[in-house]
Amino acid sequence: MSDSHPQTNASMSEPETSKLYDLWAKFYDHTFGALVHKRQHRALKQLRHQPGDRVLDLGVGTGMTLGHYPRDMQVVGMDLSPGMLAKAQQKVDEQGLDHVQLLLGNALETPFADHSFDHVVISHTISVVSEPNKLLHEAKRLVKPDGRIIVLNHFRSYKPVVSWFERITNPIFVKIGWRSDLRLEECLEGVGLRVLYHFKMSTVDFWQIVVLTPRMRSLSPAA
Ligand SMILES: C[S@@+](CC[C@H](N)C(=O)[O-])C[C@H]1O[C@@H](n2cnc3c(N)ncnc32)[C@H](O)[C@@H]1O
């Protein structure tokens, strides 16, 4: 496999995304956020952290995940949209989340040193960035060699009819802020990450939780 970034989605672009999510910020928590809240909780249970661990939440949005992180972790949340980040900051202030730091920036080009986090979380962001594959390259660079990358997202189905539907509706979804045609394999191509496990919360579920690591060994999901 090549180590380049072969996949670029021309349909999404960071400047447009930033503006779009500034609009989303006003009603995100009561719409999409409310729909995925339980999944975020379940996804973060896959962290298996140690006290003092550092976690980076890429595309932290309005901070719907922030309340789920154990307080003995150091959490850094990064997002491209000032509007989304302002909502996250509100939660940090209101809930006294002193273990959380928020940062405005592009998750595809972060300012952090190699291996500076024990865990990276990517919740509903991989299908929003312009280069999903590059996002995983960056996550791999940032996470420690025995760390975990938790991805929560919708990925395109292997059922032909569903897959077809997800492809033809993709232009509509792109207009409202994310891709519906992204395959997990496209994201992983050439990155050198291992899928430890992945699961859905129910048999009929649009979203899945995928646990990745640079290290080569298998584990089972936390309850
Ligand atoms: C669907 S929201 C998900 C928010 C949050 N992670 C959640 O699960 O509720 C996608 C978020 O990714 C952010 N985003 C998109 N592209 C980004 C990039 N290149 N760098 C940082 N954040 C980005 C958007 O601004 C938006 O807040």
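In the list Lys144, Lys134, which residue meets the criterion of being more than 8 Å from the ligand (Cβ to nearest atom) and not in a strand (DSSP E or B)? Talk me through it step by step, then tell me what you get.
Details: Lys144 fails: not in a strand (DSSP E or B).
None of the other options fit; the residue is Lys134.
Which is surrounded by 19 or more Cβ atoms within 10 Å (Cβ to Cβ) and more than 23 Å from Asp29 (Cα to Cα), of Met84, Met78, Met73? Write out each step before concluding.
On the way: Met84 fails: more than 23 Å from Asp29 (Cα to Cα); Met78 fails: more than 23 Å from Asp29 (Cα to Cα).
Just a single option satisfies the conditions, and that option is Met73.
Working only within the range 182-199, note down all residues that are away from the ligand (no atom under 16 Å from the Cβ) and assigned to a loop (DSSP other than H, G, I, E, B).
If the condition is that a residue be away from the ligand (no atom under 16 Å from the Cβ) and assigned to a loop (DSSP other than H, G, I, E, B), then Arg183, Glu189, Gly190, Val191, Gly192, Leu193 are the ones that fit.
Determine whether Pro6 is at pLDDT below 95, surrounded by fewer than 17 Cβ atoms within 10 Å (Cβ to Cβ) and more than 8 Å from the ligand (Cβ to nearest atom). Working first, answer last.
Details: at pLDDT below 95: yes; surrounded by fewer than 17 Cβ atoms within 10 Å (Cβ to Cβ): yes; more than 8 Å from the ligand (Cβ to nearest atom): yes.
Considered against the rule, which asks whether it is at pLDDT below 95, surrounded by fewer than 17 Cβ atoms within 10 Å (Cβ to Cβ) and more than 8 Å from the ligand (Cβ to nearest atom), Pro6 comes out as yes.
State which residue is farthest from His49 (Cα to Cα) when the search covers only the range 139-160 and only residues that are among the charged types (D, E, K, R) and out of contact with any strand residue (DSSP E or B) (no Cβ under 8 Å at 6 or more places or on another chain). Reasoning before the result, please.
Step one: of the range 139-160, the residues among the charged types (D, E, K, R) are 140-141, 144, 146, 148, 156, 159.
When the remaining residues are screened for being out of contact with any strand residue (DSSP E or B) (no Cβ under 8 Å at 6 or more places or on another chain), the result is 141, 156, 159.
Details: Arg141: 19, Arg156: 30, Lys159: 35 Å.
Ranking the qualifying residues of the range 139-160, first place goes to Lys159.
Please work out if Val128 is in contact with a Gly (Cβ under 7 Å, 6 or more places away or on another chain), at pLDDT 95 or above, of a type outside the set (S, T, N, Q) and outside any helix (DSSP H, G or I).
Yes; evaluated as a whole, the condition is true for this residue.
If you check Asn153 against the conditions, is it surrounded by 23 or more Cβ atoms within 10 Å (Cβ to Cβ) and either at pLDDT 95 or above or part of a strand (DSSP E or B) (or both)? Break it down stepwise before answering.
Details: surrounded by 23 or more Cβ atoms within 10 Å (Cβ to Cβ): yes; either at pLDDT 95 or above or part of a strand (DSSP E or B) (or both): yes.
Answer is yes for this residue.
Residue by residue, here is whether (1) touching a strand residue (DSSP E or B) at 6+ places or on another chain (Cβ under 9 Å); (2) over 14 Å from Val143 (Cβ atoms); (3) small (Gly, Ala, Ser) holds:
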| site | (1), (2), (3) |
| --- | --- |
| His37 | no, yes, no |
| Gln46 | yes, no, no |
| Gly52 | yes, yes, yes |
| Gly61 | yes, yes, yes |
| His68 | no, yes, no |
| Val76 | yes, no, no |
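Check the range 105-120 and report whether any residue there is within 24 Å of Met201 (Cβ to Cβ) and in contact (Cβ under 8 Å) with a residue 40 or more places away in the chain. Before you say what the answer is, go through the steps one by one.
First pass over the range 105-120, keeping only residues within 24 Å of Met201 (Cβ to Cβ): 119-120.
Then drop every residue that is not in contact (Cβ under 8 Å) with a residue 40 or more places away in the chain, which leaves 119-120.
Within the range 105-120 (the criterion being within 24 Å of Met201 (Cβ to Cβ) and in contact (Cβ under 8 Å) with a residue 40 or more places away in the chain), the answer is yes, since at least one residue qualifies.
Would you confirm whether or not the range 12-22 contains a residue that is among the aromatic types (Phe, Trp, Tyr), within 12 Å of the ligand (Cβ to nearest atom) and more than 21 Å from Glu138 (Cβ to Cβ)?
If we filter the range 12-22 for residues that are among the aromatic types (Phe, Trp, Tyr), which is where we start, we get 21.
Checking which are within 12 Å of the ligand (Cβ to nearest atom) leaves us with 21.
The next check asks that each one be more than 21 Å from Glu138 (Cβ to Cβ); those that pass are none.
Checked the range 12-22: no residue is among the aromatic types (Phe, Trp, Tyr), within 12 Å of the ligand (Cβ to nearest atom) and more than 21 Å from Glu138 (Cβ to Cβ).
Can you work out which of the residues in the range 183-216 that are in contact with a strand residue (DSSP E or B) (Cβ under 7 Å, 6 or more places away or on another chain) and charged (D, E, K, R) is modelled with the lowest pLDDT?
Applying the first criterion (in contact with a strand residue (DSSP E or B) (Cβ under 7 Å, 6 or more places away or on another chain)) to the range 183-216 yields 184, 193-200, 206-216.
From what's left, charged (D, E, K, R): 194, 200, 215.
Numbers: Arg194: 95, Lys200: 89, Arg215: 82.
Only one residue fits best here, namely Arg215.
Could you look through the range 60-88, keep only residues that are part of a loop (DSSP other than H, G, I, E, B) and out of contact with any Gly (no Cβ under 9 Å at 6 or more places or on another chain), and pick out the one that is farthest from the ligand (Cβ to nearest atom)?
Step one: list which residues in the range 60-88 are part of a loop (DSSP other than H, G, I, E, B), which gives 60-65, 69-73, 80-81.
Remaining after also requiring out of contact with any Gly (no Cβ under 9 Å at 6 or more places or on another chain): 69-71.
Working: Tyr69: 13, Pro70: 18, Arg71: 19 Å.
Taking the candidates together, the pick is Arg71.
If the requirement is being charged (D, E, K, R) and under 14 Å from the mean Cα position of the chain (by Cα), which of these qualifies: Arg148, Arg167, Arg141?
Values: Arg167 fails: under 14 Å from the mean Cα position of the chain (by Cα); Arg141 fails: under 14 Å from the mean Cα position of the chain (by Cα).
Only one candidate passes the filter, namely Arg148.
Which numbered condition trips up Trp164, out of (1) away from the ligand (no atom under 13 Å from the Cβ); (2) surrounded by 14 or more Cβ atoms within 10 Å (Cβ to Cβ); (3) aromatic (Phe, Trp, Tyr)?
(2)
The values are calculated or read from the model by the stated rules, or taken from the named source; none is laboratory data. This one's a predicted model, so the numbers in the text were calculated from it and none came from an experiment. Reconstructed Cβ throughout: ideal geometry from the backbone, glycine too, with neighbour counts over all protein chains shown.
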